[in-house]
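Inspection log for the structure reproduced underneath, given as structure tokens.
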Amino acid sequence: MLVYAAKRLASLSATLLLATLVVFLVLEILPGDPAELMLGMNASEDTLAALRGELGLDRPALLRYGDWVAGFVTGDLGISHTYAVPVSELVAARLLVSLPLALLALVLSTAIAIPVGVIAASRRGSWQDSSLMGLAQIGIAVPNFWFAMLLVFVFAVSLRLVPSGGFPGWEAGLVPALKALLLPAIALALPQAAILARVMRSALIDTLGEDYIRTARAKGLTRHATLWRHAVRNALIPVLTILGLQFSFLIAGTIIIENVFYLPGLGRLIFQAITQRDLIVVRSVVVLLVATVILVTFLVDLAYALADPRLRSR
């Protein structure tokens, strides 16, 4: 198991290093001068040159890349060009919004998907199965930003049950903060719940066809007890794999939703940094999101290898 974990960790570390190079190169070739954007179009060339020197933009790209990667490894993400504060402080503050939002969306998607998948699989071929999978297909097809705007119109503008946007901060209390995160979490959760429900249905149908399920029924176990005591538990293995990947997507996929609801999270920070040409913030946050995806993938691989020893032998 240790050898398997070491191999996976080495492979994913190489992936992360390659991702840092790709992110750096893509942002390096983008048009626009950060110094000119910060000082304005009418700034003199001497002033622009002085600011480029202060920001380190006049140094060779290879040296800047090396310093950035070294700082990333040691936890020093640099200083934001726009906010003039350490990027690590910006990220820590915005994670207090994005991380609870992703966790709430994950809980909601799981709470919706598991019962829907079980009902559809246990009634395979019935109108309930067709209806639920039809709704799941719609959930996959509908863009989450359109659904987010629909939620704002219905529950915030028309019914006035929840705020339409903004975040009061955790210091305002747990209930106001959760109310502000509820609609964004639902907008994020429903497309993921649709995917997860289809995976749960497929996995459960395969499990219900196994010999040990027929044996349990032949021994007199009721259909309901067989379903929940044996079939659902074994069908959850591929579902848990998808759940781990979905959490990574929810963290990285908040850019649009946070801008729709004006939430001060990582997604909105990236959007603002791009518009302000704050490259050090964009680089660091994007690579942090990539690192999160890789870390969750690594943990999912380990959990799957523990559950299925055949993976370690391969």
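How big is the dipole moment of the chain about its Cα centre under a simple scheme where the beta carbon of each Lys and Arg is +1, that of each Asp and Glu is -1, and everything else is neutral? Debye, nearest 20, please.
1980 debye
Name the shape class, rounded, prolate or oblate, that the alpha-carbon gyration tensor gives for segment 42-83, where a ≥ b ≥ c are the square roots of its eigenvalues, rounded holds for a/c under 1.5, and otherwise prolate holds if a/b is larger than b/c and oblate otherwise.
Taking the square roots of the gyration eigenvalues as a ≥ b ≥ c, segment 42-83 is oblate.
Between Ala303 and Ala61, what is 0.36 nm times their sequence separation minus the Cα-Cα distance? Round to one decimal in nm.
Value of the extension gain: 83.2 nm.
On a full-extension model of 0.36 nm per residue, what is the gain between Ile29 and Ala70, subtracting their alpha-carbon distance, rounded to one decimal in nm?
Working: separation 41, 0.36 × 41 = 14.76 nm, distance 2.15 nm.
Contour length minus Cα-Cα distance gives 12.6 nm.
Just add up the charged neighbours of Met133: K/R +1, D/E -1, any other residue whose Cβ is under 14 Å from the Cβ of Met133.
+3
Taking a ≥ b ≥ c as the square roots of the eigenvalues of the Cα gyration tensor of the chain, is the shape rounded (a/c under 1.5), prolate (a/b larger than b/c) or oblate?
oblate
What number comes out for accessible area per residue over the chain if the probe is 1.4 Å? Units Å², please.
I get 53 Å² per residue for the chain.
The values are calculated or read from the model by the stated rules, or taken from the named source; none is laboratory data. The structure presented is a predicted model; accordingly, all values stated were derived computationally and were not measured. FYI the Cβ positions are ideal-geometry reconstructions off the backbone, even for glycines, and counts take in every protein chain you see. Accessible surface is based on the protein model in full, side chains and every heavy atom, while ligands, DNA and RNA are left aside. Shrake-Rupley method; radii C 1.70, N 1.55, O 1.52, S 1.80 Å.
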